[in-house]
Amino acid sequence: MCGIVAYVGHREAAPLIIKGLKRLEYRGYDSAGIALLDENQLNIYKKKGKVAELENILKDKKLHAKTGIGHTRWATHGEPNDVNAHPHYSHSETLAIIHNGIIENYAAIKQVLINKGYTFESATDTEVLIKFIEDIKKHNACSTEEAVRLALNEVVGAYAIVIIDEENPDQLIAARKGSPLVIGIGENEYFFASDATPIIEYTKEVVYLDDFEIAVVKNGKLNIRNLQNQEKDAFIETIELELEAIEKGGYEHFMLKEIFEQPRSIADCLRGRISSENAHIQLGGISNHLEKLSKAKRIVFVACGTSWHAGLVGEYLFEELARINVEVEYASEFRYRNPIIKEGDFVIAISQSGETADTLAALELAKSRGATILGICNVVGSSIARLTDAGVYTHAGPEIGVASTKAFTAQVTVLALMAIATAHSKGTINEDEYRRLIIELESIPDKVADILTQAEEIKDISKLFTFASNFIFLGRGVNFPVALEGALKLKEISYIHAEGYPAAEMKHGPIALIDEDMPVVFIATKDSSYEKVVSNIQEVKARKGRVIAVVSKGDKDIKGMVDFAIEVPMAHEMLQPLLTVIPLQLLSYYIAVLRGRNVDQPRNLAKSVTVE
Ligand code: F6R
């Protein structure tokens, strides 16, 4: 969702901010803008559409600003157009603001300002906020920074903001509640951004602003206070992210790069945590909680989208191996359902970004009701990672493609590690099984690499389905969530309508859709439901449906039955999702490319959904 980049220092601000905004394009947006302090004059340039269009506007201007703020907007209040794009001026046009999040009580504040004679150009809550700040500043005859503090004490909602002030050219003021904001610290220069990707080529030293904190950079110094005006220490962290991790590295799309990175990302996720030689799993992040987890009455996974699908795989893993009762909840439903939390419950959030608003709120609710809360996150230092009692990072590296691929397999890898370690600690699996599962897990990266060698064949299959208008994905047991994930991948990047079902549910409705125009993807590996899935395939073929099946290597029986078969190596049943999802990612990718879709930034989607 919206992206923030701001700079104050000795470099040219405009090109630096534009480059930073391009780095944030993956988050999803519909307009872009920049405010620059040039020769002590505050100018705003903004445009609906891509950052490249904004860059075009700036091309012929002679800009020398050393202070500026830039934004990519994903519309919430007001349609995507030039006027609603950020930054927004205050009434006097001496202040400008960029904002991620939603000010929930903006309508009431706006009414008060209208009664005082203010007028508004845009339909945004953001313009209300900056005019409110200026009104407070005028009324209290105080500094901008004090006015920001007083205003934010009145505001309900979520925000990450940066404010630029014509009267203080070497100053930027930032604040956060609920939306991420990272401050990069260089030599006599400061960078502000929604995540570290625009910052890492300049500095690795960062401060993650906490909720209810205001950061002011002035005369080359950073000062952080909370909304009660108490000074806070700036906790400087060193980030490990490398530049090549956020570049395409020769691939046509980030999504393809990330699909092909999976042998490595799964290996990275396992590294240092698993040893078949000593038959041991070591999860440093939760080692103090493992015994308690093994005694948990119930585990509740809260997540959204693909991460929710990973949670469903986690349900099979924990129930099968550790015999712990698991529920998997959409975070957005959990938080509004007055959920029952009992002593001994663990609530575990799964989130690639660690910033998803609903997942964060679900976790806060669970914490307030006494659950032990854990996190499985990819982005180090993210809000969820910092809120939880403990957690396990997925170490998949930055995921830039909006459609989640390597984050999913890394989440499932962490869930497998956690379930196996818990089962071992609880005694629900014996030493032999423990060792066998560890060996199986270690072999997964090579098996994924083996599947990826079939990319060309999968591309050929996708050519025959490019113009389909519907798809059904079917799987059973631990492969049912994979069917859901396959359908989600296809619909989000190709815009083909797709549904995922447990294969046995087909007879209870979806079978009515089957005819010669309906492609049906089966996950039909050799596992405990194999015979049943074979029957389901026959039922589809009897109705002339076109079947693509993901099968175990060497399975000639299903190959003889279906239109297309894609082989995956044999694996422990509980680990199969790590393999069976790969062909579905590739199928979706190639279909979307052939349909001419913007694979990395599909329409209407945002990478990190920071509003509910
Ligand atoms: C789908 C996808 C989304 C995310 C969902 C949760 O490809 O990317 O469904 O999985 O928005 O995001 P995180 O995992 O960041 O909480």
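Determine, yes or no, whether residue 409 is in contact (Cβ under 8 Å) with a residue 24 or more places away in the chain and closer than 20 Å to residue 551 by Cβ.
On the way: in contact (Cβ under 8 Å) with a residue 24 or more places away in the chain: yes; closer than 20 Å to residue 551 by Cβ: yes.
For residue 409, the condition - in contact (Cβ under 8 Å) with a residue 24 or more places away in the chain and closer than 20 Å to residue 551 by Cβ - is met.
Among 141, 151, which is touching a helix residue (DSSP H, G or I) at 6+ places or on another chain (Cβ under 6 Å), at pLDDT 95 or above and not assigned by TED's automatic domain parsing to the domain that holds residue 382? Please lay out each step first, then the result.
Numbers: 141 fails: touching a helix residue (DSSP H, G or I) at 6+ places or on another chain (Cβ under 6 Å).
Selected residue: 151, the only one of 141, 151 that is touching a helix residue (DSSP H, G or I) at 6+ places or on another chain (Cβ under 6 Å), at pLDDT 95 or above and not assigned by TED's automatic domain parsing to the domain that holds residue 382.
Can you tell me which residue within the stretch 299-333, out of those that are of a type outside the set (D, E, K, R), within 23 Å of the chain's Cα centre (by Cα) and not in a helix (DSSP H, G or I), is farthest from residue 360 (Cα to Cα)?
299
Taking residue 347, is it within 16 Å of the ligand (Cβ to nearest atom), in contact with a Phe, Trp or Tyr (Cβ under 7 Å, 6 or more places away or on another chain), among the aliphatic types (A, V, I, L, M) and in contact (Cβ under 8 Å) with a residue 12 or more places away in the chain?
no
Which of the residues spanning the stretch 569-610 are touching a strand residue (DSSP E or B) at 6+ places or on another chain (Cβ under 6 Å) and open to solvent by less than 20 Å² (accessible area, probe 1.4 Å)?
So the first thing to find is which residues in the stretch 569-610 are touching a strand residue (DSSP E or B) at 6+ places or on another chain (Cβ under 6 Å), and the list is 570, 579-580, 583.
Those that are touching a strand residue (DSSP E or B) at 6+ places or on another chain (Cβ under 6 Å) and open to solvent by less than 20 Å² (accessible area, probe 1.4 Å): 579, 580, 583.
With respect to residue 512, is the statement that it is within 15 Å of the ligand (Cβ to nearest atom) and either outside the structural domain of residue 312 (by TED's automatic domain parsing) or basic (Lys, Arg) (or both) true?
Answer is no for this residue.
Quick check on the stretch 154-187: of everything there that is of a type in the set (A, V, I, L, M, F, W, C) and either in a helix (DSSP H, G or I) or open to solvent by 10 Å² or more (accessible area, probe 1.4 Å) (or both), which residue is modelled with the lowest pLDDT?
158
In the stretch 51-76, what residues are open to solvent by 40 Å² or more (accessible area, probe 1.4 Å) and of a type outside the set (Ser, Thr, Tyr)? Step through it out loud before you land on a result.
If we filter the stretch 51-76 for residues that are open to solvent by 40 Å² or more (accessible area, probe 1.4 Å), which is where we start, we get 52-53, 55-57, 59-62, 64, 66, 74, 76.
Passing the criteria: 52, 53, 55, 56, 57, 59, 60, 61, 62, 64, 66, 74.
Of all residues in the stretch 396-424, which are at pLDDT 95 or above and more than 14 Å from the ligand (Cβ to nearest atom)?
Within the stretch 396-424, 413, 416, 417, 418, 419, 420, 421, 422, 423, 424 meet the criteria.
With farther than 13 Å from residue 415 by Cα and within 16 Å of the ligand (Cβ to nearest atom) as the only criterion, which of 265, 294 stands out?
Answer to the selection: 265.
Within the stretch 434-487, work out how many residues are among the β-branched types (Val, Ile, Thr) and open to solvent by 20 Å² or more (accessible area, probe 1.4 Å). Before you say what the answer is, go through the steps one by one.
Step one: list which residues in the stretch 434-487 are among the β-branched types (Val, Ile, Thr), which gives 438-439, 444, 448, 451, 453, 458, 461, 466, 472, 478, 482.
With the extra rule that they be open to solvent by 20 Å² or more (accessible area, probe 1.4 Å), the set shrinks to 439, 453.
Of the residues in the stretch 434-487, 2 are among the β-branched types (Val, Ile, Thr) and open to solvent by 20 Å² or more (accessible area, probe 1.4 Å).
Per-residue answers, yes or no, for (1) in a helix (DSSP H, G or I); (2) touching a strand residue (DSSP E or B) at 6+ places or on another chain (Cβ under 8 Å):
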site: 7; (1), (2): no, yes
site: 11; (1), (2): no, no
site: 29; (1), (2): no, yes
site: 33; (1), (2): no, yes
site: 42; (1), (2): no, yes
site: 52; (1), (2): yes, no
site: 57; (1), (2): yes, yes
site: 62; (1), (2): no, no
site: 70; (1), (2): no, yes
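Would it be correct to say that residue 267 is within 30 Å of residue 422 (Cβ to Cβ) and touching a Lys or Arg at 6+ places or on another chain (Cβ under 6 Å)?
Numbers: within 30 Å of residue 422 (Cβ to Cβ): yes; touching a Lys or Arg at 6+ places or on another chain (Cβ under 6 Å): no.
When the stated conditions are applied, residue 267 does not pass them.
Would you check if there is a residue in the stretch 238-250 being surrounded by fewer than 17 Cβ atoms within 10 Å (Cβ to Cβ) and modelled with pLDDT of 95 or more?
There is no residue in the stretch 238-250 that is surrounded by fewer than 17 Cβ atoms within 10 Å (Cβ to Cβ) and modelled with pLDDT of 95 or more.
Can you tell me which residue in the stretch 188-233 is farthest from residue 172 (Cα to Cα), limited to those that are open to solvent by 30 Å² or more (accessible area, probe 1.4 Å) and among the acidic types (Asp, Glu)?
If we take residues in the stretch 188-233 being open to solvent by 30 Å² or more (accessible area, probe 1.4 Å) and among the acidic types (Asp, Glu), then 201 is farthest from residue 172 (Cα to Cα).
Residue 258 passes all but one of (1) open to solvent by 30 Å² or more (accessible area, probe 1.4 Å); (2) outside any loop (DSSP other than H, G, I, E, B); (3) closer than 30 Å to residue 578 by Cβ; which number fails?
It is condition (1) that residue 258 fails.
Give the stretch 274-292 a look and list any residue that's part of a helix (DSSP H, G or I) and in contact with a helix residue (DSSP H, G or I) (Cβ under 8 Å, 6 or more places away or on another chain), or say none.
286, 290, 291
For the stretch 295-311, which positions are more than 16 Å from residue 404 (Cα to Cα) and surrounded by 23 or more Cβ atoms within 10 Å (Cβ to Cβ)?
Of everything in the stretch 295-311, those that are more than 16 Å from residue 404 (Cα to Cα) and surrounded by 23 or more Cβ atoms within 10 Å (Cβ to Cβ) turn out to be 299, 300, 301, 302.
The values are calculated or read from the model by the stated rules, or taken from the named source; none is laboratory data. What you are looking at is a predicted structure, and each value in this text was computed from that prediction instead of being measured. Counting neighbours? That spans all protein chains shown, and the Cβs are built from the backbone with ideal geometry, glycine included. Calculation scope for accessible area: heavy atoms of the full protein, side chains included, ligands and nucleic acids excluded. Shrake-Rupley method; radii C 1.70, N 1.55, O 1.52, S 1.80 Å.
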